[in-house]
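The structure appears below as structure tokens.
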Amino acid sequence: MTDNIATKERAASRRDRIIIKTSIIGILTNVLLAAFKAAVGLMSNSIAVILDAVNNLSDALSSIITIVGTKLAGKQPNREHPLGYGRIEYLSALIVAGIVLYAGITSAVESVKKIIYPEEPDYGMVALIIIAAAVVVKIVLGKYVKAQGEKVNSGSLIASGADAMFDAVLSFSVLISAILFLTTGLSLESYVGAVISGFIIKSGIDMIRDTLDEILGKRVSKEISQQIKDILKSEPEVRGAYDLVLYNYGPNKDLASVHIELPDTMNVKDVDKLTRTVETKVYEQTGIILAAVGVYSHNTEDNEAARIHSDVRERVTAYDWALQIHGFYVDTEAKDMRFDVVMSFDIKPQEGLRILHADLKQAYPEYNIHIVSDVDLSD
């Protein structure tokens, strides 16, 4: 496992280098495009081209913040932050989203001013060539940045790549409006600027929403959940895997906790060996650290317990909001019954517990019944 950790650290370092290199390329490209577009916009008196230049500058600033965020997120864990600084990437992404949103709002204001007080643009052949070249450059840059982002699982780069492709579409709309003005005399500059502003604002809002989802915590993906549970259940002693929770501390920095159901005949030494085995397997195959493995006891030598288990499961799952029952254990001599129920978000946990307890107490009046409500955390 030590070798795997060292390999993962090398991969993280390589990931950071790729993000920084790609971001630097994005900065240089966007600054050059912004300079050329700003010059064209000022010479031709085109608000649409000027706003397109501003959009390129915001992209460059976003790349700078991405670099800073990556550097800070790569700091080594310490006593104050034992799980590292990976979540800084989400904070930097939130700042980038705020910049994009601000650029969109200011662009919209300027476009509306130009609609109210129109000024006629004056395009030349050089301006058209520069705008057309910018479209091609943005397409190439967008594909490159997005591919690098997918390669290293960087949400910031993937978003930047998609944004660059979108910028190419916006620049193309500016080019079309310029050609339309030269051929027909119809000026749509301010209106195209307003449309561009709207798309920039939408992009900023989408980025904020996606980043907040990461900060708040998202449901474990079905694929990851199934993969981890399959690894756990591949061990012959494991009767089931439940309550999987993923704790994200930045891109590719995940910890998890889970409960596994084991025969009541296993001793502590066997359980310790098993949990260490599954922790290693999960890390090797998914890169996720199982920080905690809880244990449920499974009745194995009591036919009456098996009958009660089957009956209780049927009674509980008869309710649509009771998604799953697990961790069931019954002591027929002590008259004690306990289990967990995963409830949907359609019912309040207290209400669900009240209904289940009343139902089962009527069926098993002599038993002490302990029911724990679990959240629907993963598939």
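The values are calculated or read from the model by the stated rules, or taken from the named source; none is laboratory data. Since the model is a prediction, treat every value here as computed from it, not as a measurement. No Cβ is skipped: glycine too gets one built from the backbone with ideal geometry, and neighbour counts run over all protein chains shown.
I want to confirm something. Restricting to the stretch 244-260 and keeping residues that are in a strand (DSSP E or B) and surrounded by fewer than 20 Cβ atoms within 10 Å (Cβ to Cβ), which single residue is nearest to the chain's Cα centre (by Cα)?
Top of the filtered list is Asn248.
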Checklist outcome for this item: Every listed condition ((1) in contact with an Asp or Glu (Cβ under 6 Å, 6 or more places away or on another chain); (2) at pLDDT 80 or above) holds for Pro121 save (2)
Checklist entry - Counting only residues that are in a helix (DSSP H, G or I) and crowded, with 17+ Cβ neighbours inside 10 Å, how many does the stretch 114-124 have? => result 1
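Does Arg239 count as under 23 Å from Ala159 (Cα atoms) and either loosely packed, with under 14 Cβ neighbours inside 10 Å or not assigned by TED's automatic domain parsing to the domain that holds Ile130 (or both)? Don't jump to the end; show me each part of the working.
Details: under 23 Å from Ala159 (Cα atoms): no; either loosely packed, with under 14 Cβ neighbours inside 10 Å or not assigned by TED's automatic domain parsing to the domain that holds Ile130 (or both): yes.
The answer is no for Arg239.
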Item to check | Residue check, Tyr191 more than 18 Å from Asp59 (Cβ to Cβ) and either modelled with pLDDT of 75 or more or of a type outside the set (Lys, Arg) (or both) | outcome: yes
Item to check | For Gly86: the one exception among (1) assigned to a helix (DSSP H, G or I); (2) among the small types (Gly, Ala, Ser); (3) under 25 Å from the mean Cα position of the chain (by Cα) | outcome: (1)
Item to check | Members of the stretch 200-233 that are surrounded by fewer than 17 Cβ atoms within 10 Å (Cβ to Cβ) and either hydrophobic (A, V, I, L, M, F, W, C) or on the phi > 0 side of the Ramachandran plot (or both) | outcome: Ile205, Leu212, Ile215, Leu216, Gly217
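Can you pull out the residues in the stretch 125-141 that are among the small types (Gly, Ala, Ser) and surrounded by fewer than 21 Cβ atoms within 10 Å (Cβ to Cβ)?
Answer for the stretch 125-141, where residues must be among the small types (Gly, Ala, Ser) and surrounded by fewer than 21 Cβ atoms within 10 Å (Cβ to Cβ): Ala132, Ala133.
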Item to check | Residue list for the stretch 69-83, filter: assigned to a loop (DSSP other than H, G, I, E, B) and not small (Gly, Ala, Ser) | outcome: Lys75, Gln76, Pro77, Asn78, Arg79, Glu80, His81, Pro82, Leu83
Checklist outcome for this item: Those residues of the stretch 85-113 which are surrounded by fewer than 21 Cβ atoms within 10 Å (Cβ to Cβ) and of a type in the set (D, E, K, R) amount to Arg87, Glu110, Lys113
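Would you check which residues across the stretch 73-113 are of a type outside the set (S, T, N, Q) and out of contact with any helix residue (DSSP H, G or I) (no Cβ under 9 Å at 6 or more places or on another chain) and list them?
First, the residues of the stretch 73-113 that are of a type outside the set (S, T, N, Q): 73-75, 77, 79-91, 93-105, 108-110, 112-113.
Scanning the stretch 73-113 gives Pro77, Arg79, Glu80, His81, Pro82, Leu83.
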Checklist entry - Can you pull out the residues in the stretch 134-159 that are in contact (Cβ under 8 Å) with a residue 60 or more places away in the chain and aliphatic (A, V, I, L, M)? => result Ala134, Val137, Leu141, Val145, Val152, Leu157, Ala159
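Any idea which residue in the stretch 173-194 is nearest to Ile130 (Cα to Cα), counting only those that are crowded, with 17+ Cβ neighbours inside 10 Å and of a type outside the set (Gly, Ala, Ser)?
Initial filter on the stretch 173-194 (crowded, with 17+ Cβ neighbours inside 10 Å): 173-175, 177-178, 181, 187-190, 192-194.
Restricting the remaining residues to those that are of a type outside the set (Gly, Ala, Ser) gives 174-175, 181, 188-189, 192.
Numbers: Val174: 11, Leu175: 10, Phe181: 17, Leu188: 19, Glu189: 17, Val192: 18 Å.
Per the criteria, the residue is Leu175.
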Item to check | Within the stretch 1-49, considering residues that are at pLDDT below 80, more than 26 Å from the chain's Cα centre (by Cα) and of a type outside the set (Gly, Ala, Ser), the one surrounded by the fewest Cβ atoms within 10 Å (Cβ to Cβ) | outcome: Thr2
Item to check | Tally, over the stretch 115-149, of residues that are in contact with a helix residue (DSSP H, G or I) (Cβ under 6 Å, 6 or more places away or on another chain) and closer than 30 Å to Gly250 by Cα | outcome: 8
Checklist entry - Just checking, which of Ala93, Ala60, Ala127 is under 17 Å from Ser173 (Cα atoms) and either assigned to a helix (DSSP H, G or I) or without any contact (Cβ under 8 Å) to a residue 60 or more places away in the chain (or both)? => result Ala127
